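*Asks:* The structure that follows is given in the form of structure tokens.
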Amino acid sequence: MMRHKLHRYTIYCSVVLCITLCSIPAFSQEDTVLKVEAFGTLERPISAFDHDTHNEKAEIQDCAVCHHVYKDGKLVEGESSEDQACSECHTLKAQGSQPGLRMAYHRQCKECHVEKKKGPVACGECHVKK
Ligand code: HEC
Ligand code: HEC
Ligand code: HEC
Ligand code: HEC
């Protein structure tokens, strides 16, 4: 009888814990890592992108896949720019072969999704209306 009660108590606690964890607000628009200030007023809702969860699910270990460093138009292996926003290098307008900010995001995000045949490629799948 005692053991039975203890077991029920454990289940009760797990349920309470689950509900508590689930009610912590999911990555909201306000605390996204995407640095969108450079765009000014946004035409679309900020794209979905939960940094760590995304990279874990997508199994990307190398930070430089996204946070790259170029020198004289060549990708520098083994260096990463994770301390910089995309917009610190990518201005709104393209500069030579360096794509403009919107194109930079779109190319980086979509090219990989197309290549891997995984992840969203349609506008509304990333720019989800809230
Ligand atoms: C799939 C692409 C991708 C990968 C892989 C990736 N990041 Fe990022 N990361 C981003 C984007 C996009 C931003 C937002 C930057 C922006 O919008 O200017 C960002 C932002 C950041 C920031 C700034 C966070 C903030 O709130 O200011 C840090 C730090 C960071 N990444 C570190 C890392 C590290 C460390 C790794 C490797 C373990 C990594 N990233 C892998 C895409 C990526
Ligand atoms: C330290 C400066 C710097 C930062 C930070 C940076 N880039 Fe770049 N990026 C460049 C340069 C320079 C080029 C152009 C290379 C060339 O001339 O072909 C480039 C090229 C690109 C390209 C086209 C070539 C390719 O690799 O596919 C994309 C897409 C891109 N960047 C996306 C991004 C995104 C998204 C971020 C933020 C996560 C970012 N970049 C952060 C400097 C930077
Ligand atoms: C190097 C490859 C790669 C890059 C770059 C990349 N993704 Fe992904 N993304 C994936 C993969 C693979 C998945 C599918 C993961 C899975 O199995 O669920 C995915 C899934 C997603 C999803 C579905 C929900 C989720 O988080 O799993 C969203 C949203 C997404 N990506 C947004 C982005 C955005 C925004 C960018 C650019 C800032 C980006 N991705 C860059 C590979 C990438
Ligand atoms: C793989 C995800 C992804 C897809 C698919 C995608 N975008 Fe984006 N888009 C982004 C990211 C990331 C940014 C930069 C951060 C932000 O504004 O969300 C961006 C930025 C933008 C911007 C500049 C910011 C603004 O709102 O003014 C516009 C406009 C835009 N996208 C429109 C579109 C349209 C139209 C499509 C379909 C043709 C599309 N996007 C498809 C991820 C995506």
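*Asks:* What is the number of the single condition among (1) in contact (Cβ under 8 Å) with a residue 40 or more places away in the chain; (2) more than 8 Å from ligand 2 (Cβ to nearest atom) that Tyr105 does not meet?
*Replies:* Among (1) in contact (Cβ under 8 Å) with a residue 40 or more places away in the chain; (2) more than 8 Å from ligand 2 (Cβ to nearest atom), the lone unmet condition for Tyr105 is (2).
*Asks:* Of these, Gly100, Gly119, which one is of a type in the set (Gly, Ala, Ser) and within 19 Å of Glu59 (Cα to Cα)? I'd like the intermediate steps shown before the answer.
*Replies:* On the way: Gly100 fails: within 19 Å of Glu59 (Cα to Cα).
Exactly one of Gly100, Gly119 is of a type in the set (Gly, Ala, Ser) and within 19 Å of Glu59 (Cα to Cα), namely Gly119.
*Asks:* Applying the selection to region 39-53, what residues are open to solvent by 50 Å² or more (accessible area, probe 1.4 Å), more than 18 Å from Cys112 (Cα to Cα) and within 11 Å of ligand 1 (Cβ to nearest atom)?
*Replies:* Across region 39-53, the qualifying residue is only Phe39.
*Asks:* Still on this structure, please answer the following. Of the residues in region 54-87, how many are in contact (Cβ under 8 Å) with a residue 24 or more places away in the chain and loosely packed, with under 13 Cβ neighbours inside 10 Å?
*Replies:* Looking only at that region, the number is 1.
The values are calculated or read from the model by the stated rules, or taken from the named source; none is laboratory data. Remember, predicted model here, so these are calculated numbers, not experimental data. Backbone-built Cβ (ideal geometry, glycine too); neighbour counts: all protein chains shown. Areas reflect the complete protein model, heavy atoms only, side chains present, ligands, DNA and RNA absent. Shrake-Rupley method; radii C 1.70, N 1.55, O 1.52, S 1.80 Å.
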